1. Got a sec? Which of 70, 88 is part of a strand (DSSP E or B), in contact (Cβ under 8 Å) with a residue 12 or more places away in the chain and surrounded by fewer than 19 Cβ atoms within 10 Å (Cβ to Cβ)?
2. If the requirement is being within 13 Å of residue 5 (Cβ to Cβ) and part of a helix (DSSP H, G or I), which of these qualifies: 32, 39, 50?
3. Taking residue 64 as the residue in question, decide whether it is free of Cβ contacts under 8 Å to residues at least 12 places away in the same chain and either farther than 17 Å from residue 11 by Cβ or part of a strand (DSSP E or B) (or both).
4. Yes or no: residue 18 in contact (Cβ under 8 Å) with a residue 60 or more places away in the chain, touching a strand residue (DSSP E or B) at 6+ places or on another chain (Cβ under 6 Å) and buried (at least 18 other Cβ atoms within 10 Å of the Cβ)?
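Nothing in this text is a laboratory measurement; each read-out follows from the coordinates by a stated rule. Everything numeric in this text was worked out from a predicted model, so none of it was measured. Quick reminder, even Gly has a Cβ in these numbers, built from the backbone with ideal geometry, and neighbours come from all protein chains shown.
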């Protein structure tokens, strides 16, 4: 059974920031292609949300109900609730993430 996908507003900001960075430092074409691929990866959670793994930075603070999938180097952080997947963040995995994730998902 397919899940409903809810992309939280912060994720749209994440995607804009990522695409803006790639457009400036690489090309607009690559930024658009990356956006398409990240959106496809989020949409793929509709069929198989359980395939993700726990988020190590959140497990360190005893939060284990979030999962992640990767589109290197980006990490898509989400939470499952019955037949709905809530996407909380799309972030560059090369960043220091502990504080960012705690602030974003533990609010």
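1. 70
2. Answer to the selection: 39.
3. Spelling it out, residue 64 is indeed free of Cβ contacts under 8 Å to residues at least 12 places away in the same chain and either farther than 17 Å from residue 11 by Cβ or part of a strand (DSSP E or B) (or both).
4. no
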